[in-house]
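Some notes on the structure that comes next.
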Amino acid sequence: MVSGGNRSGLQLYKKLLRSHRIWLRDDMRALGDRYVRTEFSRHKNVDEERQIQFCREWTQYLHDLPSLHSSPSQPLSPEQIASMTPEQRIQLAKLHQAATGEKDPTLNRNQ
């Protein structure tokens, strides 16, 4: 995160890891924690606009995590997949493969 957001970014990072301890099974927690660490590392030196967007998205995930945990997950709709950037589809495909060991061909469309 950029210098002005180090404190808020670090607080968000810690909250995410704590929430994973509460809401995720051990195997999913390991995967989720690794993903959070990777993403925060990748976005360490982004400009302020991207930092705001990055923190907003992770804050929304943090807010949604309890409800995601308590209800079965639903597959993404074709509209949701179509609205993703190519980078988001690649990341989601990697996450899906890491979680299931299988490739999801629906995520690789329109890259």
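What to note about this one:
- Taking 0.36 nm per residue of separation and subtracting the current Cα-Cα distance, fully stretching the chain between residue 22 and residue 68 would add 15.3 nm.
- Per residue, the convex hull spanned by the Cα atoms of the range 7-62 amounts to 63 cubic angstrom.
- Accessible area, probe 1.4 Å, largest first, for residues 20, 43, 63: 63, 43, 20
- Distance between the modelled labels on residue 84 and residue 45, one decimal in nanometres: 2.8 nm (7 Å Cα→Cβ projection).
- Spatially proximal lysines relative to residue 14 (Cα-Cα < 30 Å; intrachain offsets below 8 disregarded): 44, 94
The values are calculated or read from the model by the stated rules, or taken from the named source; none is laboratory data. Please read all numbers here as calculations on a predicted model, not as lab measurements. A quick note on method: Cβ atoms are made from the backbone with ideal geometry, for glycine too, and the neighbour counts reach across all protein chains shown. Protein only, heavy atoms only, side chains kept; ligands, DNA and RNA dropped before computing areas. Shrake-Rupley method; radii C 1.70, N 1.55, O 1.52, S 1.80 Å.
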